[in-house]
Amino acid sequence: MAEKVNISGTKSISEIDTQMTVLRPSATVPFKRDLEYLNGINAPLHEKSNLTFQDVSVGTVKKAFVFKTGLVVTENGYAIKETLEGSLADNGVPTDESGSHYIPLDGLTTLPHSIIAACKFGTFNYSVFLHEILPNIFLSSLSENLAEVPIPMFFPKFFGEEKKSRIEYIISQYVTGGRIFTPQNDVFVAPQVHVFKPGSLTQLPRIKRVMPAMIADLMTGLLWKEAGGSERIYIQREPKSIRCVENYEALRPFLEREGFQSVQLALMPIEDQISLFCRAKLVVAEHGAGLANLWFASGDTKVLEIFPQPLVGRWLYRYISQVKHMPYRALSIDTPEDWVWNRDSIHLPVARVAQELTELVR
């Protein structure tokens, strides 16, 4: 009897389940107007092309291996693409002497029930949660057949208790009755796993077709307080955190003079974040997960996203702005040659920020 199952590669759930249930067919959304004004970045302007969303559907894998990170692997060793965030190594899949990934079979526990694959790990943060995990939970809440099926959810050690509580609170808007459970083993066997395809945007799979409806529903449940705060907000990363602005004190006089409110989203309850972005007319921020809240902003909100040069090309929030028809501008700033994106701070050129904002608000 084999003591392990080798990972053969990756496959989409639609390649595993040939009888997927289509909830919504694929669709094309017209690109209505010029939304972005890129400057300071060596990249072409985005062409005025249509946005193409894949179908929204659900499929089933019978007898699958499930890692606590959310990765689902078929009995014959294929990792399901829709459940993979990051690399196999990121998800705790071991390697043998030859460097091949495998699943050890000794001592595996088999669950007595089916599950819904919703959790994804990789670079787990608020943005990954909102774009990759919550759409699956949202879709499960709309399905009569799956509304009671348990959902495993894993939070890595670096995910602080405050962030975890905030995520759990959002999940509670859709899931009740103890359906969420924490896996007790690194890997286990499920007799049946239901996997959603939430209608990924072809140009940028992180954006899903179900998100506008999901966000509207979330706002209905969580926007219970009157929108407050300034109409101009600057998203400030916490001092001494990765990519924090080391010369913020030099930037602050300009922000105050122009009527900006500096906010640290990591310290704010989710209701306050939604309220803040609902009111905002101008958002300035360095590239980061906090900009996922642009989904809660109105269509006339203007956005200035600031990129350290090595991160140029991560266009998630640019595409959110496009989907929501929000004027968008990007600013690239230089960094030292030995700069590391998840370790170092950044230095903002105040004069350039002022110039970009002047162009944006014309």
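When the chain is modelled as a GNM with alpha-carbon springs shorter than 10 Å, which of ILE171, ILE133, ILE116 fluctuates the most?
For the chain, modelled as a Gaussian network with Cα springs under 10 Å, the answer is ILE171.
Go through the stretch 351-358 residue by residue and turn each phi into a ³J(HN,Hα) via Karplus (6.51, -1.76, 1.60, θ = phi - 60°); whole Hz please, and just put x for glycine and proline.
Calculated HN-Hα couplings, in order: 4, 5, 4, 4, 5, 5, 5, 4 Hz.
Report relative contact order for the chain in percent, whole number only (criteria: Cα-Cα under 8 Å, sequence separation at least 6).
Details: 698 pairs, mean separation 68.7, N = 362.
Over the chain, the number comes to 19 percent.
Could you tell me what % of all Cα pairs in the chain have separations over 38 Å?
Numbers: 14087 of 65341 pairs.
Within the chain, distances greater than 38 Å cover 22 percent of Cα pairs.
Filter the trypsin sites (Lys or Arg not before Pro) in the stretch 86-166 down to the DSSP loop ones having no more than 14 other Cβ atoms within 10 Å, then list what survives.
Passing sites in the stretch 86-166 are LYS157.
Using only alpha-carbon positions, what ratio does the radius of gyration of the stretch 232-360 give when scaled by 2.2 N^0.38 Å?
So the stretch 232-360 has a normalised radius of gyration of 0.99.
On a 0 to 90 degree scale, rounded to 10, what angle separates helix 248-257 from the longest Cα axis of the chain?
The angle comes out near 60 degrees.
State which entries of LYS81/LYS197; LYS63/LYS164; LYS163/LYS208; LYS157/LYS197 exceed 18 angstrom in Cα-Cα distance in the structure shown. Please list the in-between numbers first.
Details: LYS81/LYS197 10 Å; LYS63/LYS164 30 Å; LYS163/LYS208 23 Å; LYS157/LYS197 28 Å.
Distance filter (> 18 Å) returns LYS63/LYS164; LYS163/LYS208; LYS157/LYS197.
Where a ≥ b ≥ c are the square roots of the eigenvalues of the C-alpha gyration tensor, would you call the stretch 317-362 rounded, which needs a/c under 1.5, or, failing that, prolate if a/b is larger than b/c, or oblate? Working shown, then result.
Values: a/c = 3.89, a/b = 1.49, b/c = 2.61.
In terms of gyration-tensor shape, oblate.
Defining a contact as two alpha carbons under 8 Å apart and six or more residues distant in sequence, what relative contact order in percent does the stretch 255-362 show?
On the way: 119 pairs, mean separation 23.2, N = 108.
In percent, rounded to a whole number, it is 21.
Given a 10 angstrom Cα cut-off, can you work out which residue in SER165, SER230, SER98 is the most mobile in a GNM of the chain?
Taking springs between Cα atoms under 10 Å, the residue moving most is SER98.
Net charge within 12 Å of HIS113 by Cβ-Cβ distance, Lys/Arg positive one each and Asp/Glu negative one each, not counting HIS113 itself?
On the way: positive: ARG179; negative: GLU148.
Every neighbour counted, the sum reads 0.
Give the angle, between 0 and 90 degrees and rounded to the nearest 10, that separates the Cα long axis of helix 211-222 from the longest principal axis of the Cα atoms of the chain.
Roughly 80 degrees between the two axes.
How much net charge surrounds GLN173 when only the other residues with a Cβ under 15 Å from the Cβ of GLN173 are counted, with Lys and Arg +1 and Asp and Glu -1?
Working: positive: ARG166, ARG179; negative: GLU168, ASP217, GLU271.
Result for the local shell: -1.
May I ask you to compute the full-extension gain from HIS347 to ARG257, defined as 0.36 nm times their residue separation minus their alpha-carbon distance, rounded to one decimal in nm?
Taking 0.36 nm per residue and subtracting the Cα distance, the gain is 30.4 nm.
Using only helices, what value at 222 nm comes out for the chain when you add -39,500 (n - 2.57) per DSSP H run of length 4 or more and divide by the total residues, to the nearest 500 deg cm²/dmol?
Values: 8 runs with 75 residues, N = 362.
That comes out to -6000 deg cm²/dmol.
Can you give me the distance in nm between label points at GLU148 and GLN192, each placed 7 Å from the Cα along the Cα-to-Cβ direction?
Once both label points are built, they end up 1.3 nm from each other.
So for the chain: antiparallel DSSP bridges make up what percent, rounded to the nearest 5? Please list the in-between numbers first.
Numbers: 27 of 58 bridges.
Approximately 45 percent, going by the DSSP bridge assignments.
Under a 10 Å cutoff between Cα atoms, tell me which one of CYS244, CYS278, CYS119 has the largest fluctuation in the Gaussian network model of the chain.
Among CYS244, CYS278, CYS119, the largest mean-square fluctuation in the Gaussian network model of the chain belongs to CYS244.
Using the crude model of +1 on Lys and Arg Cβ and -1 on Asp and Glu Cβ, and no other charge, please compute the dipole size for the stretch 264-362 relative to its Cα centre, in debye to 20.
Here the size comes out at about 400 debye.
For the stretch 107-186, state which GluC sites (Glu not before Pro) are in a DSSP loop and have at most 16 other beta carbons lying within 10 Å of their beta carbon. Write down the numbers at each step before the final one.
Values: sites: GLU132, GLU144, GLU148, GLU161, GLU162, GLU168; in loops: GLU144, GLU148.
Counting only loop positions with at most 16 other Cβ atoms within 10 Å, the GluC sites (Glu not before Pro) in the stretch 107-186 are GLU144, GLU148.
Computed from the coordinates by the stated procedures, all read-outs in this text should not be read as laboratory data. Just so you know, these numbers come straight off a predicted model, no measurement behind them. So basically every Cβ, Gly included, is an ideal-geometry build from the backbone, and we count neighbours across all protein chains shown.
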